[in-house]
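Below you'll find the structure, written out as structure tokens, and then a few comments.
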Amino acid sequence: MAVSPVNFSKVAIIGAGVMGEAMIHALNRIGLESSEITIREKRQEREVELKRKYGVGSGSLSGSQAVLLAVKPQDLEKTLSEIGPEISDGTLVVSLLAGIKSARIENLLGARARVVRVMPNTPLLMGEGMSAISGGKSATGEDVAWVESLLSKSGATLVVAEELMDAVTATSGSGPAYLFGFVEAMIEGAKKLGLKEDDAKLLVSQTLLGAAKMVSESGKDAKTLRENVTSPNGTTAAALAVFDSSKWHEIIFEAMKAARDRSQELSN
């Protein structure tokens, strides 16, 4: 039986960078008025910018039923030492910090806060994010459901056991950068083959957009889709043979493993 999310009427966002701003949009999408959102940002000019742009506040965190942490991982302890006294008992704390375990935040705040950990990715900004969610020791099913309802307005969500978060980071968290790097390489390759840059960008971006849609909506797995494009001794087969000779599947796994391992290092 599905758990219904709680209904929070006042939320704070700590860290108003790119992801913090995305959270303002997400909160608005679930019906929370900007006047009920409080932000904190160490760059005063950025805080002023977002207050003017969205009508959010920047006062005390007192009364906030949920606090979204969107600061840099290395700023966690300093941030919590500053805002900790303002966080009321039982406040839900949602962490969007890569590599930070829920237990670490629970230890820093004590038993006063419930923690839900999230690994989002940057396509969240376009409403096409992938966010993995895991509840901490004291988080309730309703807490996790609220975070799901929030992030599902900006893409897909998946609830996972926290011990899988490092693998998630290596897959969807860092994943957009892998794709962006591949896009860069394809565009450069197209230019070397004689195409103009604007034409190359259009060809590559629309090809990848369409291919991603086929993966998500065709009902066929990636292997079948690849085989459907690959005629024996054809052009695609010639290209894939070059990839295969470089053992690209192994390279991709080793890259993801390196990201997973680094996430574990950050966690510890």
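Among the residues making up the stretch 90-134, those that are free of Cβ contacts under 8 Å to residues at least 24 places away in the same chain and not aliphatic (A, V, I, L, M) are Asn107, Gly110.
Taking every residue in the stretch 165-183 that is without any contact (Cβ under 8 Å) to a residue 60 or more places away in the chain and pairing it with any residue that is loosely packed, with under 15 Cβ neighbours inside 10 Å and part of a helix (DSSP H, G or I), at least 6 positions away or on another chain, the pairs with Cβ-Cβ distances below 9 Å are Leu179/Leu208; Leu179/Ala212; Phe182/Leu208; Val183/Ser205; Val183/Leu208. The residues listed here are Lys101, Lys78; of these, the one that is open to solvent by 10 Å² or more (accessible area, probe 1.4 Å), among the basic types (Lys, Arg) and either over 21 Å from the mean Cα position of the chain (by Cα) or modelled with pLDDT of 95 or more (or both) is Lys78. Could you say whether any residue in the stretch 76-90 is of a type in the set (S, T, N, Q) and within 27 Å of Thr169 (Cα to Cα)? Yes, there is a match, as at least one residue in the stretch 76-90 is of a type in the set (S, T, N, Q) and within 27 Å of Thr169 (Cα to Cα). Answer yes or no: is there a residue in the stretch 239-258 that is assigned to a helix (DSSP H, G or I), open to solvent by 90 Å² or more (accessible area, probe 1.4 Å), in contact (Cβ under 8 Å) with a residue 12 or more places away in the chain and out of contact with any strand residue (DSSP E or B) (no Cβ under 9 Å at 6 or more places or on another chain). No - not one qualifying residue is present in the stretch 239-258. Residues being in a helix (DSSP H, G or I), among the charged types (D, E, K, R) and under 29 Å from Met23 (Cα atoms) are represented in the stretch 179-193 by at least one member.
Go through Ile24, Ile30, Ile13 for me and flag whichever is at pLDDT 95 or above and aliphatic (A, V, I, L, M). Before the answer, list the steps.
Values: Ile24 fails: at pLDDT 95 or above; Ile30 fails: at pLDDT 95 or above.
That would be Ile13, the only listed residue that is at pLDDT 95 or above and aliphatic (A, V, I, L, M).
From the list Ala161, Ala177, Ala132, which residue is open to solvent by 40 Å² or more (accessible area, probe 1.4 Å), modelled with pLDDT of 95 or more, under 14 Å from the mean Cα position of the chain (by Cα) and under 26 Å from Arg262 (Cα atoms)?
Just one listed residue meets the conditions, Ala177.
The values are calculated or read from the model by the stated rules, or taken from the named source; none is laboratory data. Please read these numbers as outputs of a predicted model, since none were measured by experiment. All Cβ positions, glycine included, derive from the backbone under ideal geometry; neighbour counts span all protein chains shown. Heads up: the accessible areas ignore ligands, DNA and RNA and are worked out on the full protein's heavy atoms, side chains in. Shrake-Rupley method; radii C 1.70, N 1.55, O 1.52, S 1.80 Å.
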